[in-house]
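A short write-up of the structure that comes next.
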Amino acid sequence: MGASSQTIFALSSGAVPSGVAVIRLSGPDVRDILARMVPAAVPPRHACLRKIRSRNGEVLDIGLVLFFPGPQSFTGEDVLEFHLHGGRAVVDAVYRELSSHDNLRQAAAGEFSRRAFDNGKLDLLEIEGLADLISAETEMQRRLAVEHSSGGLSAMYNSWADRLTRGRALIEAELDFPDEDDVPGSVSDQVWSDMSLLAREIQEHLKLGTAGEIIRDGFKVVIAGRPNAGKSSLMNALARRDIAIVTDIAGTTRDVLTADLDIDGFLVKLYDTAGLRETAEIVEREGIRRAYHAIGEADLLLYVEDSSVASSDEVVPNGAVLIGTKADLHRASLRRYDLCVSTETADGLDQLRRMIGELLRAKIPPHSLAIPTRARHNDSLTECIAAIDRSLSDRKRDLALRAEDLRSAGMALGRITGRVDVESLLDVIFGEFCIGK
Ligand code: GDP
């Protein structure tokens, strides 16, 4: 915490040229810069059309000027925004002018957000949510990021942390005033039953982490099967682009190819893999090894089989959806498929998209998106549950030690929101941002 001594600035809008370019400043020199570059008065939090001048009085541009006096600003410091015409030379001229002032420098990546965190304007979950919001590409990523950046998940973790603190305080009070009323049904019994309930709630919440990862990182759908089964054709048809090379030569796809789809607002990562067969060919063998690895990582496996030549000896991996391809060839097949498709006629493709969407949605909680999204959230939640379980495991243990376990559980939650002990995480988290954020 504590005020930053330097004032930072950066282009906070997209790359120039653009209709409007926003240069944002934050720090102790903002008022001074405002007075020098914009001589006419600028009332706080009002958009004012003003001439923006160099120190020689030359007009650099005419644009909107916004002044947010701290602490009511994004960073908590004095913040100034120039909304300029988005020409390269305009932005360069204002940059040159700003750089010529003492104590002003260009912001490092994520520095505005870092200051917001240091000044208690946003916690770590909100910061991560903001990074996700800026990089969101699908509707569900946007919704998840809005929930996180606006403090939905933080509120939940804070209320759990408060429950732990309250529980610990009651136990410690009992330590301070022992033997007053040592009867069953006492305050401490209520605390322990609430803690056990809390551990179960957190456990349920932790299970939703899979959904968070699916929304944020994508639902992994792997297409696998024998050579020439029609995997690459299916990949191209679903992606509506020529990503994989299609030939009738077995063993064409040797690496794992990938395409991103948007199905019902969810990111779906589709993988085409090398055909599974015995081979002595070194490159193809490596491709097949990678295919098995991708199959192991899949959220959904589409096992494809050429329905016109299918033999019943093929072993379909457990849990896979069995797709019969080349349905247009109209041969009687031996197998019963979950779905038949043809990339020639597009038959079955819409059903397949729908099926992927349904299987995906089955893994997502229908209501709140206050769910964990990152491995670090899951790790800390697991740690928290373990500490609560420890506190409950042996009722004969010293109460002071059991209370100490509750404190560790609270610390684990505090690390997620950044209330405690997160110095080592900060560089990783703020490294996700680019300059101007
Ligand atoms: P992969 O080796 O499993 O990736 O199979 P490909 O997608 O490369 O297809 C193998 C051969 O089957 C190619 O000659 C494709 O043109 C053909 N093929 C793929 N899908 C269909 C289909 O739906 N109908 C017909 N008639 N041929 C197909």
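The values are calculated or read from the model by the stated rules, or taken from the named source; none is laboratory data. What you see is a predicted model, and the numbers here were worked out from it, not measured in a lab. All Cβ positions, even for glycine, are placed from backbone atoms using ideal geometry, and neighbour counts span all protein chains on display. Just the protein is used for accessible areas: all its heavy atoms, side chains included, with ligands, DNA and RNA removed. Shrake-Rupley method; radii C 1.70, N 1.55, O 1.52, S 1.80 Å.
Table for the structure above
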read-out	value
Relative contact order computed over the chain (Cα-Cα under 8 Å; 6+ residues apart), in percent	17 percent
Whole-Hz couplings from phi, Karplus 6.51/-1.76/1.60, listed for region 45-59; x for Gly and Pro	6, 10, 6, 10, 7, 9, 7, 10, 10, 7, 5, 8, x, 6, 7
Sulfur and carbon atoms: percent of accessible area, the chain [1.4 Å]	51 percent
Kirkwood Rh and Cα Rg combined as Rg over Rh, evaluated for region 282-412	1.25
Qualifying trypsin sites (Lys or Arg not before Pro) in region 236-275, DSSP loop, other Cβ atoms within 10 Å at most 10	R240, R241
Accessible surface of E297 - all protein chains present, 1.4 Å probe, nearest 10 Å²	100 Å²
Computed helical MRE - 222 nm, the chain, DSSP H runs ≥ 4 contributing -39500 (n - 2.57), nearest 500	-14000 deg cm²/dmol
Value of Rg/Rh across region 1-74 [Cα atoms, Kirkwood radius]	0.96
DSSP H segments from the chain that extend 24 Å or more along their own axis, Cα-based, with Kyte-Doolittle mean of -1.0 or above	152-176, 187-207, 375-393, 399-417
Solvent-accessible area per residue, Å², over region 111-178 with all protein chains present [probe radius 1.4 Å]	43 Å²
Check: the chain dipole with +1 on Lys, Arg Cβ and -1 on Asp, Glu Cβ, in debye	1320 debye
Using alpha carbons only: equivalent-ellipsoid semi-axes of the chain, gyration tensor based, whole Å	49, 40, 16
Over region 301-372, equivalent-ellipsoid semi-axes from the Cα gyration tensor in Å	30, 15, 7
Residue order for F74, F82 - accessible surface, 1.4 angstrom probe, largest first	F74, F82
Value in Å of the Kirkwood radius, where region 217-361 supplies the Cα pairs that are averaged	15.1 Å
Surface per residue (accessible, 1.4 Å probe) for region 217-361, Å²	51 Å²
Distant-in-sequence amide H partners of Q106 (H built 1.01 Å from N, under 5 Å)	F9
Cβ-based charge dipole, region 205-324, positive-most Cα from T258, I323, Y303	T258
Separation between Cα centres of region 270-308 and region 1-74, rounded to whole Å	56 Å
Alpha-carbon Rg/Rh ratio, for region 74-174, with Rh computed the Kirkwood way	1.17
Residues of region 36-109: accessible area per residue with a 1.4 Å probe, Å²	51 Å²
Fraction of alpha-carbon pairs over 16 Å apart in region 30-124 - percent	59 percent
Placed amide H near A274: partners under 5 Å, 5+ positions off or other chain	A291
